[in-house]
Structure formats: structure tokens, C-alpha cells
Amino acid sequence: MAGSPRRAAGRRLQLPLLCLLLQGATAILFAVFVRYNRETDAALWHWGNHSNADNEFYFRYPSFQDVHVMVFVGFGFLMAFLQRYGFSSVGFTFLLAAFALQWSTLVQGFFHSMHGGHIHVGVESMINADFCAGAVLISFGAVLGKTGPAQLLLMTLLETVLFGINEFVLLSLLGVKDAGGSMTIHTFGAYFGLVLSRVLYRPQLEKSKHLQGSVYHSDLFAMIGTIFLWIFWPSFNSAPTTLGDGQHRTALNTYYSLTASTLGTFALSALVGEHGRLDMVHIQNAALAGGVVVGTAGEMMLTPFGALAAGFLAGTVSTLGYKFLTPILEAKFKVQDTCGVHNLHGMPGVLGALLGVLVAGLATHEAYGEGLDSVFPLVAVGQRTATSQAMHQLFGLLVTLTFASVGGGLGGLLLRLPFLGSPPDPQCYEDQVYWEVPGEPEDEAQGPLRAEEPDTRA
Amino acid sequence: MAGSPRRAAGRRLQLPLLCLLLQGATAILFAVFVRYNRETDAALWHWGNHSNADNEFYFRYPSFQDVHVMVFVGFGFLMAFLQRYGFSSVGFTFLLAAFALQWSTLVQGFFHSMHGGHIHVGVESMINADFCAGAVLISFGAVLGKTGPAQLLLMTLLETVLFGINEFVLLSLLGVKDAGGSMTIHTFGAYFGLVLSRVLYRPQLEKSKHLQGSVYHSDLFAMIGTIFLWIFWPSFNSAPTTLGDGQHRTALNTYYSLTASTLGTFALSALVGEHGRLDMVHIQNAALAGGVVVGTAGEMMLTPFGALAAGFLAGTVSTLGYKFLTPILEAKFKVQDTCGVHNLHGMPGVLGALLGVLVAGLATHEAYGEGLDSVFPLVAVGQRTATSQAMHQLFGLLVTLTFASVGGGLGGLLLRLPFLGSPPDPQCYEDQVYWEVPGEPEDEAQGPLRAEEPDTRA
Amino acid sequence: MAGSPRRAAGRRLQLPLLCLLLQGATAILFAVFVRYNRETDAALWHWGNHSNADNEFYFRYPSFQDVHVMVFVGFGFLMAFLQRYGFSSVGFTFLLAAFALQWSTLVQGFFHSMHGGHIHVGVESMINADFCAGAVLISFGAVLGKTGPAQLLLMTLLETVLFGINEFVLLSLLGVKDAGGSMTIHTFGAYFGLVLSRVLYRPQLEKSKHLQGSVYHSDLFAMIGTIFLWIFWPSFNSAPTTLGDGQHRTALNTYYSLTASTLGTFALSALVGEHGRLDMVHIQNAALAGGVVVGTAGEMMLTPFGALAAGFLAGTVSTLGYKFLTPILEAKFKVQDTCGVHNLHGMPGVLGALLGVLVAGLATHEAYGEGLDSVFPLVAVGQRTATSQAMHQLFGLLVTLTFASVGGGLGGLLLRLPFLGSPPDPQCYEDQVYWEVPGEPEDEAQGPLRAEEPDTRA
């Protein structure tokens, strides 16, 4: 379609070869390194003479499934708001997340669960891999519509490694708490994507302006994503916490925070909207900021009031960001942020990290009792004061911002490699570059990009 | 758009101010009253030296999540059948339910879980608050398209209080059993909404007749709501029952009842349809009546056959209601019931209450064994006979109908306050009154309500 | 619409009468035979003095709910890809599955859980009935668009019986392992449907060629089905396994296999597509083949690498099947396979059965330890060697193919009974034959099949 026949032939082979190469490499690494853990291996589990009811599966798997829905349905459909980019939004989410699950199992395994030269896998590694996929999809949101699938796979390859390193530094080296990933997932994913988008800046992007908006039905598809993300966010934040009160409290705090970000978003959206009308962009996105902002503090003794206050703040800041900051980011800083991930994940992620600093700093033996050991183990054993834990949390945020920015910059340079075909400006946000798109009755008169005939399956 | 500039400015501020006021009020009340319960508080939980596996989270949270999906995805998309009201259906569901969760936590907490001046929250209060949100959304269905978001928030404010009082009278004072809420949720929500709709009667509503129908895609969006409601209804009815056999049996009964209401609905829909054709309105709604009708008796020893019979009856009655009763309700009784909640929640709810009377009256020590204590504790300890329990159940239905009717009347008067802008008749069922609506290629020629340009996010 | 008034009147009554007859019959059989099992009966459960936490509900119900989502949302929306057959795809899925759940409870109960003349039901029978519904819906996919609801109900009636017999022969008589149903569900459902479709061959089907494709939005609806199937497939395969490591390992293996089939599908789809473009048909379907292919071996010690390899193979074979085999099946073998179930369920199902043969044959006491008893009990007690188990697995595949083929043939003859109205060739894949379809602005000019006015609910 675009360019010479040779270039077209090159693009034809690029995605298949890259998929096959990556799949081959992870398969070999799986064969060498990955093994069932004690809870999934028939011999190891039965050797221990456990009760089957004690298997971690029963405590984590329902949460895992909710997280899985968020990654594939939530992110995929949330990004389907564009009028002609639904196939790519849902489809590339599918591809990138599937690859990220494999690759992150290896990367996170090297850092977190290497035993005797082997990576041991089970429901916890499944949750962690889905978390990494979430970060990748946040970055995808920043460059949505402006990058091809081969570019995006390379982005995933790089980002997953940096995600694993950053997570290792924070959780294992610095002893930072970040169960729901305000830092490791949201801040990291957002700023990685934003810096990457900056490097890929397209001055002529207005050539595809007619494709940058939504249509009525695409906004409803996007709401499927929004609502599933909103519903299951309590499971997301609580999936990897300590069992018992920790998991329970995290889910509860997230639930409250989200209700408040929703009310805040509706209030602010109507306030700043023309004629007092609500804007779907705000409702689809900013209402979710309450989940992001308690990603760090949700497992702490935040109190229900604290959850409401944090969620409300996040929803308002996020809505104002969509209204006022996003245009400035593009005009002044040359950051083209398709989904506004700076508003949904960037600022609320940083706020969430700072909230974690605050609540960690306020931790007392009185408030946590014997439970202090499971929330702040280093404080409980006297190795750190609460203030010191707070400082470590703050340092974790700075580390994350550094890794994300450097990584996004490297990613941008990688994706600018000339042989990686990226869509020309007038064909950004257009499925037909990468997909066979069926004709639609109402679209017949819209020009040369339309497909000639409907697909047939039978 | 409609009316003078001053009125437009007033509307512009009404929703934001109301959201901020309500959020501020609940936040203050949360700060004063709401505390983690024993299962979510770090100090309290660890003080008791429990096994983490005993935390109620693991027994209730998967059911809670299913209920949560029903409230936000189920109700939201079910109401998205209207061709130009999908943003409002999904969006206002989102707003009202988010507020109801906060407000109901307070109201139900005052009545049910006040300990030492504090409301103790955890997964049970989350389930209960979602149940109240369900009742509010049922009422919303009756007035869908004819009320603005500020009106609906005030309705939620009032209805949540009355829901809490009615629930307290039934469950705590009268010792009525109603796990899945045939009375407290469905009957209450339906008649509250119907009386409210009666008070708001619009004689000129046919001015928006062209917007009252569905289009092909909007009916498919509505089916997303239907199917998720149908699938998760067993979790809804079983979420608050006693653990063990009670929860298990309730889910099983609901599962069977729903299959029978589905078969009954298909049978009756084709029977009464023109040319024997099926009507999406029936399939989307009446097929769910099997869940409503076992909301009271589902936890009792209804028997699998009893569940089938009840579900079949509810499906047929509901379908016939849509076909024959809804037009009469509007023509003769001036009740404009947008979603037909009388057919899906009203009649099946009353039938479900009566089924509860019947099955409670038939309870014997022989049938329930030692389990009688968890289903009918007052009968088990000899404080009541089964017949007396049945009479209490029946009285509970009458109390519910009274509270709902009086509450709906009060609500109607409240919503008629002149400064609360409600949409003019020709703009009922039209998103554009409250939302920035993107243009669509196929809609360009449809007149002055269309937006001028697509929204842009970046 | 089509044919004489008498025929129209006949069709008008056919579906209602059949629904009522089937519902009446199952209700009577339920009254006579079906009873709560020990875990759902109040008296039986409390008699045993169990801890409520031990109730099977807490170990199986979350998996059941995921399976339930797959059956109703997954299959229903996956088949909604056709531009004018979404109501039928989602609606008939709803009807057939609801009936199959009742009928299969009886059929499977007769074979599997008859105690003292009664069928005992609980969460395990719920899972098993949903599995049978899955097989029925696979067969539905082969004949989608070419059969009416009365025909499909009769197909369900017959197929459920044969499904139950085949399952009984494999699991109970032959001692074959097939937790996720590579044989009993996928192979059986696919070849039953394919043979049935062969018997119903329509040489003039190109008369409805204009309706056989998708449109942009219908492909997005189908992706809802795809993604929910993909996400929850780990729960599907693990729902009926032994508790503990068995369930955990099955979910893990399925998760990995699906990631690999997704990468394989994207690779092959772009490789064989025109201009290197991806084809939604492949992504929607072949990416799921990884779930099918580990339906037998998923609970065995397949190893994570084995899961990746199997999934990749299945994804590639399935994609190539859609591209090259489906046209040949129609042209040479007169099998019109609307959804390509041969590619998604047929070939991957057979591959999955063969993978089961291989992995069973490799089973050793060393690899499984004490866990051998729960995966291969007959091998563990020395009644069989691993090789013998493998041979039994292989024989199970042959039995399944035989039952499916004979059953599909019988089903085809049944559905050709002349009084069962099937849609004429030009009206295949058209909702309006069976449904009141609302008008759409963009459809107004498309001829006499359009409805005259939108439906109204209020």
C-alpha cells in the first residue's frame, strides 16, 4: 500500500519473523529454565503431605483471573475508543500481552524466583507477569495509533526487561512496598511511554486528525474496558499482598477510592465541559485514577476516609489533566499522548507513590499491631524506622522515574530504526494498514482505504 | 441548548456542585464513623491469632466480584438498548452506583453494623452496598431517559435511606429471610421507581418517540448486560447467605431457575410475536426473571424441581407483562416504565416473596435437619412455627410495598423541584443533552442535535 | 414471510411448543430424579458435622463461574461476527445452552451420579452440564446461520445424549483422562457439527453470500467473545481436575499454551495474509487453539515448555486450516463450516488427544511421585502401565470420533425432517427470519427484509 513493492514485502515478513523469533527464543529459555513450583508439581506437592485446600491456588487464582480480565479486556477495549483503530487496539493488546506474559515470566523469574538454576512458576508468577503486561499496555496507550506491531513487540521486549530490573531494585533491594504498582506499574509504564512518544514525535500528525476522534459506538466499546477495569481494580491491587487482612484491606480501600474518583471525575468533567456537558474521555479514563492512586498505600492502614480523599484527588487531577495539560504537553513538550496516560497513570501514579510515602511515614506499632510484620517487615523487626521506610519509598519513586525515562528514550531510539515500518502520518489511527478490514454499508463512500469485499469464513 | 443562558449556566453548575457536596458529606461521615472491621484491620486481625485462610475474604470476595460485575456491567449495558442513550445508561449507572456504594455503606452501617459508635466495614458491607446500588438502578430503569443526573443523584440519596430502613425492618425487626432480595431489592426498587415515574408522568412523551427504540448494535450492547446478569445471578443470590450448604444451594437453585425462565421466555416471546418472531426486549429482560423469583426462596430447600417451576413461571409472566401489561400501565395508569422494570423486577419480585412465604411455611425439621438453624434460626430455636415465619415473610412484602410506594411518591415530589432541570419532552432519551457526543458518518444529516466535530484526546 | 400462510402459522407455533414440551419433560424428570447432593442439602451437610470451609463450593465455584462466562458470553459473542446474525448468535446460544444445562444434568446424572435412584446435584454437576453445553455450541458453530431454533433444540436434545454416553465410555469405562475435554468436548462437538453440516449441505448457499461476512463493529463484538474465552480457558481446563496441584498445574499449562497459540496465530496470519495484513478471523479463532490442545494433557506433567510448544503448534495449524483447508472442505467435501470449528476445535482437539497419548505414555512414578494417584490412578495402583494408559487414551479418541460422526449423521437426518422449517438459502445468516429487528438509519435502503419501525419498550 505505502511505498515500494520491496518495502511492502519487507513489512509482510517483519511481523511473522519477529513473532517466530521471539516465540522460539522464549520456548528455548523455558525448556532450559522454567519448572513447576512446589504448588504445581505433582511430585513436590504430594511429597509435602499438604492439604489440597492449602494450595495457594485457592487464595490467589480468583484475583489472578480478575487481573487477567483487566489486562486483556480492560486495556484492550479502553483503547478501542478510536473510530477506525479498534482491531489494532484490541488485537495488539492481545499480541503484546501474550508475549509479555512469556517474556516477563523469564525476566521476573531471573530476578525473583531463581532456585537452583531454575525459575519456579505458579499462580504468583502468573500474577506478576500480568502486572508487567499491564505496564507495557500503559506505554502502548501513549503511542497508540502511531506504531506498528513489530515496533510494539520490540518495545515490549525492552520494557519488560527494564520493568523487571526496576521492580527488583524497588521491592528486593530497597524494601519498598508497592503491591498495586503505583510506582512499578503505573508510573513506570506511563513515563516509559511518554518519553518514547516524545522521541517518536510526529510534527505532521494532524494529517490523520479525522481519525483521532471516537464515534458513538466506539465510545461504548471503550466503556466496556473502563467498567471492567473499574470493577476489578480492587483485585488488581490486592492480588499480590500478604494473605488475610492485607488482601482484604487492600481490596476495600481500592473499592472506596474508585467510588470517590468517579464522583470527582463527573463533577470536574461537567464543570469544565462546554455547556456543562460530560466528556466521555474523562469518564472512560479519569474515573479509574482512584485505582492507581492507592496502588502503593492500599495495603497500608490508609483508613476508609483516606481512601475516599485520595480517590477524589486523583479523579479531579486526572480530569483537569485531560482538559488542560494534555494540549500543553503536545504543544510545548512535543509529547503526543494518544490515550492520555499521563493523566490516568502518570500523575495518579506519582500521587500514589507520594501517598505511600506519607502513610508509611505515619505507621505505628499501635495502628498495625502484630500486623506490622506483614506490611512493613523491616520496620517491625526494628531494622528501619517508619520515617526511614518513607524515605525509601520516596527514593523508589525517583528510581522508577529514572528507569522509565532512560528506558523510554532507549525504546524510542530502537523504534526509530529505519527498517521498522511505522505508519505514515495520514494513516495513523487506521486499522487498514495492518488488518484486513471488512467493508461497511455506511462506509462505502469513504475513499481508497476501504476494503473491497467482506471477509468470508466458510 | 434548551432555555435561557441563565438556566444553562445553572445546569452547568448543578451536577458538579451536587457531586462535590455529596462527596464532601460522605467523606466527613466516613472520617467520623467508618472503621476497618476485625477482618480488614491489621491490628485487630492479628490480635486474634487467626489463620489467614479463615479470613472472610476468601469465602465472600469471589461472589462480591460477580455482584459488582452485575451492578456496573449488567445494569449499565442492559439499559444501553436505546439508540441514542448509551452514554447516559452506562455513564449514569456508573455515577449513581458509585455514590450509592458510599452512601449505603453509611446508611446500612448505622442500621446493621454499628459497634461502639463506629461502622465496621469489610467484604460483607461491600456486598450489601452493592445490593443497595442494585435497587437504585432498578428504579433508574423506570425513569430512564426522562431524568437528568442531578435528579438521579437526589433519587439515590433518598432511596438509599429508605432501602436501609426497609431492609432493617425486614431482616432485623421482623426476622424475614430474603438473601437475594426478592423483596428488599427487586420489589422495593421496582415499585419505588414506578411510583416515582407516575409522579413524573409526561403526557407529551411521544415527542421523543423516534428515540425510544433500539438499533441493531444497541440491542447487542444490551445483550452484554443481559448475559452478565444471567451468568452471575447465582452469585448474587448466594453472596450474603450462611456459608457452606446455604451458599452452595442458593447458587444451584438460581442456576436452575434461570434456565427455566429462559426457556419460558423464548416460548412465550415467539408465541405472542408477530409472525412468530422473537422480540429482543423479552429475551434481554424476561429471561432474567428466574433470578428475581428465587431471591427469597433460593436459600431454602426449594428442590431443583421447585427452582425450575418458579423460573418458568417468572419467565412467562414477565414476557406477557412486556407484551400486554406495559402498554396498559402507560395508557390507563400513566406509568411510563422505560425498561419495563415492573415486568422484570416488580411482578417476579412479588412472586418471589410469595414463593418465600410458601416454602418457609413448608419448612420442617426433617427436611432441614441441623441446617434449620442457619436458614430459619427463629424456627429452629422454637421461637416461631414455620407458619408464623411464613406470615412474617408475607408481612415483610407488605411493608416493602408500603415503603417503596411512599418513598417513590416522595422521590417524585423531590425530583419535580423546578430548579432541577429535567430534559424537555423532545429531548428525552437523547445523550446530547448531558454529553459531548461525537459525530458519526451515518448521522451527519440528522439535524441540530448532532455535535459539530469529533472529540480529540491527544 | 417465506412460504404459505399455513407454513408461517406452523413455524409460529413450532418453537413455542418445542420449548414448552422440552421444559415440561425436564421438569417432570427433575421432580422424579434430581435431588440436592450432600454439599447442597441442609440436612445432609449438617448431619456430617463438616466445617463450612470444606464445602466443595469454595474450591469449584470460582472456576464454574469462569466456565459459565465462556459458554454464554464467549461462544455467544464469538459467533456474533456475522453482520446480520448477532441476535441469533447470542440469542440461540442463550437458548440452546439453557436447555442443555437442564437436559445434560439429567443425562450425565444417569451415567455419573445416580445414587439410590436419584441424581445428586451440586457444583460439579453444574460444571459438567456447562461442559456439555460447550460441545453443543461448538456444533452450533458449524451450522450457524443455516438452521432455525427448533432444529437447533432438537440437535441439542440428541447431542446431549450422545455426549453423555461418549463421556461415560471414555471416563468411566475406559479410564481415559480428559479434564478439559480435548476429546469429549472439542473433538466430539466439532465432528458432530461437521458431519451434521455435511448432511445439511446447501449447494445454493452463495445466494446469501452478501450476508456471510462481518462488518467492522460485528468483528469487535466477536472479539469480546474471543477475549473472554481466552482469559478463562485456564479455568475451563482446570475446573474438574483433582484439587490442589492438579487444578493449579492445569491452569498454568493452559495459560502458557494460549500465549503461544496467540503468537503463532499472529505470525501465520500475517504471513499468509494479502500484503502481510492480519485477518480478524484468525485472531478471533486460531489464537484460542492453545486452550483446546491442552484439554487432555494440561493436568499432566506437560512442563511449561511442553505447553508452549503445544500451543504454538495448535495456533499455526489452526490458522493454516482457516486459510487453506476450509475452502477445500467446502469445495471437495461439501462441508460448510460457518465458524471454522474444524480449525478451532476439530484439528486442535485431535492434536490435544494425541498429546495426551504422548504425555500419558511418558508418565513415570519419578515425575509424578505420590501425585501419580490423582492423575493416573490406574497406573498408580499397578493396574495399568503408562503405555497401556496411552493406548486407552488413543482408543478414547477413536471412540469419540465414531460417536461424533454417527451422531452428527443421525442429527442431520433428524434436522432434515420436512416440517422443521429451515431458512431458505437467500435468508441464511439473516436475523430477520427469526427476530423482530429494529430499523437502523444506515440500513433504510436495504430492501424488503428491514423492519418497518423501531421497537418500543415503554
Checklist entry - Which value does Rg/Rh take for chain B over its C-alpha atoms, Rh per Kirkwood? => result 0.98
Checklist outcome for this item: The answer for residue C:384, listing residues at least 5 apart or on another chain whose modeled amide H is closer than 5 Å to its amide H, is C:379
Item to check | Whole-number D in µm²/s for region C:238-279 (Stokes-Einstein; Kirkwood sum over Cα pairs; 37 °C, 0.692 mPa s) | outcome: 274 µm²/s
Item to check | Estimated distance in nm for a label pair at residue A:416 and residue A:54, the labels positioned 7 Å out from Cα along Cα-to-Cβ | outcome: 5.7 nm
Checklist outcome for this item: Under 5 Å from the placed amide H of residue C:119, counting only residues 5+ away or on other chains, we find C:34, C:35
Next on the checklist: Residue by residue through region C:429-434, what is 3J(HN,Hα) from phi via Karplus (6.51 cos²θ - 1.76 cosθ + 1.60, θ = phi - 60°)? Round to whole Hz and write x for glycine and proline.
Outcome noted: 6, 10, 4, 5, 5, 10
Item to check | Per principal axis, descending, Cα span of region B:29-179 in whole Å | outcome: 56, 32, 30
Checklist entry - Rounded to a whole number, what is D in µm²/s for region A:217-265 from Stokes-Einstein with the Kirkwood radius over alpha-carbon pairs (4 °C, 1.567 mPa s)? => result 111 µm²/s
Checklist entry - In square nanometres, what is one fourth of the surface area of the convex hull spanned by the alpha carbons of region A:327-410? => result 7.1 nm²
Item to check | Longest DSSP-loop-exposure-free segment, GluC sites (Glu not before Pro), chain B, at most 10 other Cβ within 10 Å | outcome: B:1-443
Next on the checklist: What number does region C:329-376 give for Rg over Rh if you use C-alpha atoms and the Kirkwood radius?
Outcome noted: 1.31
Item to check | Cα-only Debye scattering, region B:184-340: base-10 log of I(q)/I(0) at q = 0.08, 0.18 Å⁻¹ | outcome: -0.26, -1.13
Checklist entry - Using only Cα atoms, what is the ratio of the radius of gyration of region C:50-97 to 2.2 N^0.38 Å? => result 1.64
Checklist outcome for this item: If each K or R counts +1 and each D or E counts -1, the residues other than residue A:403 whose Cβ falls under 15 Å of its Cβ total -3
Checklist outcome for this item: Using alpha-carbon coordinates alone, the radius of gyration and Dmax of region B:2-101 in Å work out to 20.1, 66
Item to check | Antiparallel bridges, percent of DSSP beta bridges restricted to the protein assembly as shown (to nearest 5) | outcome: 45 percent
Item to check | Ellipsoid equivalent to region C:302-367 - semi-axes via the Cα gyration tensor, in Å | outcome: 30, 12, 7
Checklist entry - When the Cα atoms of region A:124-246 are enclosed in a convex hull and the volume is divided per residue, what value in Å³ results? => result 120 Å³
Checklist entry - Summing -39500 (n - 2.57) over the DSSP H runs of n ≥ 4 in chain C and dividing by its residue number, what mean residue ellipticity at 222 nm do you reach, to the nearest 500 deg cm²/dmol? => result -19500 deg cm²/dmol
Checklist outcome for this item: The answer for chain B, counting only DSSP H helices whose Cα atoms cover 15 angstrom or more along the axis and whose Kyte-Doolittle average is 1.6 or greater, is B:347-361
Item to check | Amide hydrogen neighbours beyond the local backbone of residue C:82, cut-off 5 Å, H modeled | outcome: none
Next on the checklist: Report the per residue volume, in Å³, of the convex hull enclosing the C-alpha atoms of region C:263-331.
Outcome noted: 77 Å³
Item to check | Average projection area in nm² (convex hull over Cα atoms of the protein assembly as shown, one quarter of hull surface) | outcome: 45.1 nm²
Item to check | Relative contact order computed over chain B (Cα-Cα under 8 Å; 6+ residues apart), in percent | outcome: 21 percent
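Values quoted throughout were computed directly from the atomic coordinates according to the rules given, and no laboratory measurement underlies them. Not measured: the values here are computed from a predicted model. Note that each Cβ is placed from the backbone with ideal geometry, even for glycine, and that neighbours are counted across all protein chains shown.
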